[in-house]
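Please read the structure below before turning to the comments.
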Amino acid sequence: MKSVVRITLFTLMVSMTSQVCAHNGMPSVHDTVAGIIDRMKKHHAPEALDILTPNEVWDFVTEQDKQSLATQFLKFQVNVPVVVTVMQHRAHKDDPFWLTGGDFKKTDLIVVYDGKEYNVWQREYDAGEIGLGVNSLFTSGEGYFVAIRPRIPQDKLEITGMYPAYHTIGEMKVGERAYFDDWDELEVIPEELQGQTLIRGTDDNKDVARLSGVFRLTPYPATEEPDHIVLTWSEDPKTTQTIQWRTSPAVSQGAVKYLKKSDYHNFNPKEPKVVEAETSRIEDMYVVNDSVNNHHTAILRDLEPGTEYVYAVGDGSDNGWSEIKEFKTAPEGNEPFSFFYMGDAQNGLERWGSLIQKSYLAHPDSAFYVMAGDLVNRGAERDDWDVYFENAEGVFDHRQVVPCPGNHEYHGGDCTLYREHFALPTNGSPNIHEENSYVMEYSNAIFIVLDSNLEPETQTEWLEEQLKNTDKTWKFVVYHHPAYSSGPSRDNPEIRKLWGDIFDKYHVDIALQGHDHAYLRTYPMYDQKRVETAADGTIYIVSVSGTKFYDQGDFDYKEFGMTKVATYQVLDILISGDKLIYRAYDQEGNVRDDFVIEK
């Protein structure tokens, strides 16, 4: 079983360049695949693409396509003549074409990685640039990885110009990682390969060029009418509001018109203000009935704190506006408020949609929604996001969402679609991608959002700085992988140690987490030990709001737990007496857990 992957800072700082460009005039893998799919779409109905045989697909692949697919996935320079060894999972058989039908020769050697056997292919190259191809066109499975040795043993090998640069160098030895994005280890290596230079492969991008079994139909294609309207904050919640929505590409621009709710209800309402939106493309070429959406984002500024506004989104013309929606800005000073917290939605999004709709109807005064990661199951597939936003219609267009990325947002290698769908603050850790972490203040509370998919060290210094410099009464930290796990065989000791120590030092009140799909609330914890009251330590919570459930372990830090229950949580912050009232509700609106913290 694959372990939970912590994506390194080095990986995240470099984009997936093999999929978006090529630097030698040859079309990139991404452009090549897009061209093939476009030709296939012109000859076949969307629903027929997934049943084409490999031979039928090959009819749409040109000789130039083959050259790109065979050489543009992984490239590097060597200073001396070399022998290149490619290790490919045995399940691939005759795929990929450039390996099994090219100049590589199959050996009798076998490498074992994570209990799986890999065939060993070899080819000699002269000094200079080496280009290797895609993992597969027709089957899924494991990615390949590469070993290199000089043809003349006395030569000193140097590898430069790695493209994409996120590939990392290691050594062919037992216990080494074969993929930069997976933590399992090499188990069996033939003697003649031991000690050679290893270029780690990519497991997440193994299907980047697949041309069968990958096409999808979204149940909610975009139209010229605006939909999937979402409120976030990317700037000060007191005086700004960020609004996002989508349309089909036929709508090339967007705008928001708005005014105070009190003015809207007057007998002579004022003329609304209009703000133009920025428009970008969100593309998923595998969503064959709706490959491209236009995504519109507008930021309203100079708003009044603690004020209700009404708004509509559209293309800026006299027609085509959405129905009237509303939002409220954060208060200027310390005022009582409540907010929602939800764990993983991920699976069963229609059922999750019922839960979030019920939560909003039952608690219409709650200010916003905190989502602790794994909003969707397949973060790199736009049709999954279509289902998510469709089921949040009527909620996220009235109440802001404060999300954090989970591991499923990284499905496909990076959480690109997560960032494209949510405009979020850019005030996070400088060591990671903007919007993957951020901080927000609301009334007398601070909310710090972290990305637990990354090495904790990338955010530790920034986290401490936020907690050290805040004067807010209530401190909440939101991240995905729990410091105190709910699952019987899961653990994240590096988060518990590195972040937990800072929580202790500055007394974080509650850590809002997800990932483990079984509800858990810890005792107040300090220095990884139970303490008497919430005044002495931090309460860690794990919740799930979707339909995917796990078993729960029996831990000495667990004060309350339950399994197979989807919940939403409402946290009421009372200013008088500095009191927090926490309640967890199930699908039927029953209170399943509650507690009170008094400062």
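Any read-out appearing in this document is the output of simple, stated calculations on the displayed coordinates, not a laboratory observation. All figures in this text were calculated on a predicted structure; none of them were measured in a lab. Don't worry about glycine lacking a Cβ; one is built from the backbone with ideal geometry, like all the others, and counts go over all protein chains shown.
Taking a straight line from the alpha carbon of K116, these aspartates and glutamates sit under 12 Å away, with near neighbours fewer than eight places off in the same chain left out: E142, D184, E185, E187. Spatially, region 48-69 and region 109-131 are offset by 25 Å when compared through their Cα centroids.
Relative to the longest principal axis of the Cα atoms of the chain, the long axis of helix 29-43 lies at roughly 80 degrees. Spin-label model, K273 to T62: label points 7 Å out along the Cα-to-beta-carbon direction sit 5.1 nm apart.
Each Cα pair under 8 Å and six or more residues apart adds its separation to the average, and for the chain the resulting relative contact order is 10 percent. Taking packing as the residue-averaged number of other Cβ atoms within 10 angstrom, the listed peptides 483-494, 285-296 run from highest to lowest as 285-296, 483-494.
When both region 138-173 and region 252-328 are represented by their alpha-carbon centers, they are found 50 Å apart.
If the segment from Q253 to Q154 were pulled out straight at 0.36 nm per residue, it would be longer than the present Cα-Cα gap by 29.4 nm.
Per-peptide packing, taken as the mean over residues of other Cβ atoms within 10 Å, places 157-168, 50-61 in the sequence 157-168, 50-61 from highest down. A simple spin-label model places the labels of S322 and Y526 4.6 nm from each other, with each point 7 Å out along Cα-to-Cβ. Looking at the chain, the DSSP beta bridges with both ends there are about 80 percent antiparallel.
Legend: residue pairs K472/K558; K238/K472; K328/K475, Cα-Cα distance threshold 20 Å; pairs beyond threshold, K472/K558; K328/K475. Modelled spin labels at N427 and S262, positioned 7 Å past Cα toward Cβ, are 2.6 nm from each other. Computed packing ranks the peptides 71-78, 419-426, 269-276 as 71-78, 419-426, 269-276, most packed first, by mean other Cβ atoms within 10 Å. Counting only alpha carbon atoms, the long axis of helix 493-506 and the longest principal axis of the chain meet at about 30°.
Put the Cα centre of region 195-216 next to the Cα centre of region 516-545 and the gap is 39 Å.
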